[in-house]
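Step one of this worksheet: look at the structure below.
The values are calculated or read from the model by the stated rules, or taken from the named source; none is laboratory data. Bear in mind the structure is a predicted one, so any value in this text is a computation, not a measurement. Cβ sites come from the backbone with ideal geometry, for glycine too, and all protein chains shown count toward neighbours. All accessible areas refer to the heavy atoms of the entire protein, side chains included, with ligands and DNA or RNA removed. Shrake-Rupley method; radii C 1.70, N 1.55, O 1.52, S 1.80 Å.
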Amino acid sequence: MPRKYFRKYLPSHESIQENRFFSRFGRFLHHPNLWHLNRRSVSGGVAVGLFAGLLPAPFQMLTAGLLSVPLRVNLPVAILMTLYTNPFTIVPIYWAAYEIGSVFIDGPGNMTPPPPFSFAELGAWFGGVWKWAIYYGKPLALGLAILGVALAVLGYVAVYYGWGEWVRMTWRRRKRKRAARVHAS
């Protein structure tokens, strides 16, 4: 199972408690579900990460981390799941969110594309994208909220039931192997 593969790369509960950086946060980061790979914790981490991934760039991972602690979902999974939004995917995702929001709130008309990305003028590009996002604000914000909740629910359900199906398939495979060994002897 992939869980066994990932378990060797994740820190143990004891190493988290003994780490000098994490020990500063007291009991907040010591709940086992923040670090264990179990069905509920991982599905919740996926949901939190998908929801937080739609926030503006500097707040994605911070929000995923802050939501993971009180919801007691897997913290590394939540933070990693925010990476589905990046400079290449954010424009189509925001355009889809605007279209979703425009169904409920009338926007300023057809959405124009944002300023073209340029490494040479990165500061000007961020400013232009910010002005572009403000102009399309209300439908975009509503669309992002709807899309975030929808992605979170779909991600949670897919991982939760996919995990259960994986376990059932594994048990069936073991049962067939046992039956084949019994019949072979």
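The calculated FRET efficiency for the pair T170 and R40, based on their C-beta separation and a Förster distance of 30 Å, comes to about 0.95. The simple Förster model, with R0 at 25 Å and r as the Cβ-Cβ distance, assigns R181 and V157 a FRET efficiency of 0.10. The packing ranking, built from the mean of other Cβ atoms within 10 Å per residue, places the peptides 165-173, 125-133, 53-61 in the order 53-61, 125-133, 165-173, highest first. Scoring 151-162, 86-97, 112-123, 32-43 by mean Cβ neighbours within 10 Å over their residues and listing the highest first yields 32-43, 151-162, 86-97, 112-123. Of the solvent-accessible surface of the range 121-185, computed with a 1.4 Å probe over protein heavy atoms with every protein chain present, carbon and sulfur atoms account for 70 percent. Computing FRET efficiency as 1/(1 + (r/R0)^6) for I134 and V91, where r is the C-beta to C-beta distance and R0 is 25 Å, gives about 0.95.
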